[in-house]
Amino acid sequence: MAQTVLGIIGGSGLYQIDGLENPQWKRVESPWGEPSDEILFGTLGGVEMRFLPRHGRGHVQSPTSINYRANVDAMKRAGVTDLISISACGSFKQELPPGSFVVVDQFIDRTFAREKSFFGPGFVAHVSLAHPTCKQLDAALFEAAKEAGVEVTKGGTYLAMEGPQFSTQAESLLYKSWGCSVIGMTGMPEAKLAREAELPYALVAMVTDYDCWHPDHDHVTVDQVVKILGQNADNARTLVKLVAPKLGPVRMPSPSGIETTLDTAFITAPEKRDPALFAKLDAVAGRVLKG
């Protein structure tokens, strides 16, 4: 039987997971560069856990400077089988107030200054991202949030902006008109890379503000956001404690077959594949390449 190894990538305000048995920070090296921090290994409710603070402890990485490829690769090397992202976000909907959570299921990627794929010249691959999150993880997170007493919505679209500046009001109104639910700076390319790494992925958006479309929030500041971050981080830690036993130590495959995404993704002929890039893919695509 396959064992669940639950990976958590913590966003702004979430730099530590409490209550882990045998906690130990370990450095995991990646051929894609430096991850944001060491990874915290431990066990929670009988489930193996791996935690990585996305911005690093002390929040030293900006949304653009984060090495997303190294982070996802390092989590895969650490044995992670399922990946949950926790991300601070602004809200585009009156019914999603600060302090509420959204288990998002769609993304619009407006980032432009980041490496977005493990593949490229010399080894080309294309994966489907029509449904970027894992329904099984989404359902577990939604139930855990309800159990934690958090106001939570299941389903919504995450607009990923480059940052680090917040939106102009014109941008905010545009994204709201598109029907987006929340806006953040880190959900992409994280979700894309998780799919390339064959990792079932889910993202919980922790709402900190209404963004500047709202007449009472037309000047979003760090001070306003930080006031909500502490409360959201406490709720996120409770959420993690509750979701682990819902997944359980015995792993159930993703109903979408995400673990076999790369079976039909490679398009570069084997004899034309770049050996250097091939070597860097040993963790991300090792299941297929070794075969």
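Treating the angle as unsigned and between 0 and 90°, give the value, to the nearest 10°, between the Cα long axis of helix 135-147 and the longest Cα principal axis of the chain.
40
Restricting to the chain, compute how many DSSP beta bridges are antiparallel as a %, nearest 5.
40
Taking H placed 1.01 Å from N in the peptide plane, check which residues at least 5 places from Val5 or on another chain put their amide H under 5 Å from its amide H.
Hits under the 5 Å cutoff: Thr81, Asp82.
Highest first, please rank the peptides 246-257, 87-98, 6-17 by the mean number of other Cβ atoms sitting within 10 Å of their residues.
6-17, 87-98, 246-257
Lys176: which lysines have alpha carbons under 20 Å from its alpha carbon, excluding same-chain residues fewer than 8 sequence positions away?
Lys93, Lys154
Determine, from the Cβ-Cβ distance of Phe112 and Ser177 and an R0 of 30 Å, the FRET efficiency 1/(1 + (r/R0)^6), rounded to the nearest 0.05.
So, using R0 = 30 Å, E works out to roughly 0.90.
Taking every pair of alpha-carbon atoms in the range 5-289, what share in percent sits in each 5 Å bin, from 0 to the bin with the longest distance?
1, 6, 13, 18, 19, 17, 13, 7, 4, 1, 0, 0
What Kirkwood hydrodynamic radius do you get for the range 3-122 when you take the inverse of the mean 1/r over all pairs of distinct Cα atoms, in Å?
Hydrodynamic radius (Kirkwood, Cα only) of the range 3-122 equals 15.6 Å.
Could you calculate the contour length gain from Thr168 to Gln24, that is, 0.36 nm times the residue separation minus the distance between their Cα atoms, to one decimal place in nm?
47.7 nm
Would you pull out the residues with amide H under 5 Å of Val152's amide H, same chain only if 5 or more places away, H placed 1.01 Å from N?
Phe101
Any idea how far the Cα center of the range 146-179 sits from the one of the range 18-80, in Å?
Here the two parts' Cα centres lie 25 Å apart.
Based on the Cβ-Cβ distance from Lys135 to Lys272, what FRET efficiency comes out when R0 is 35 Å, to the nearest 0.05?
Efficiency at R0 = 35 Å is approximately 0.45.
Say the cut-off is 18 Å between C-alpha atoms; which of Lys146/Lys246; Lys76/Lys290; Lys116/Lys192; Lys26/Lys116; Lys192/Lys241 go over it?
Result: Lys26/Lys116; Lys192/Lys241 exceed 18 Å.
Report the semi-axes of the equivalent ellipsoid for the range 55-206 in whole Å, largest first, where each axis is √(5λ) for an eigenvalue λ of the Cα gyration tensor.
Listed largest to smallest, the semi-axes of the range 55-206 are 24, 20, 15 Å.
With the cut-off at 28 Å, report for the range 157-291 the share of all Cα pairs above it, as a whole percent.
Within the range 157-291, distances greater than 28 Å cover 41 percent of Cα pairs.
Only the coordinates and a few stated rules stand behind these numbers; no lab work does. This one's a predicted model, so the numbers in the text were calculated from it and none came from an experiment. So basically every Cβ, Gly included, is an ideal-geometry build from the backbone, and we count neighbours across all protein chains shown.
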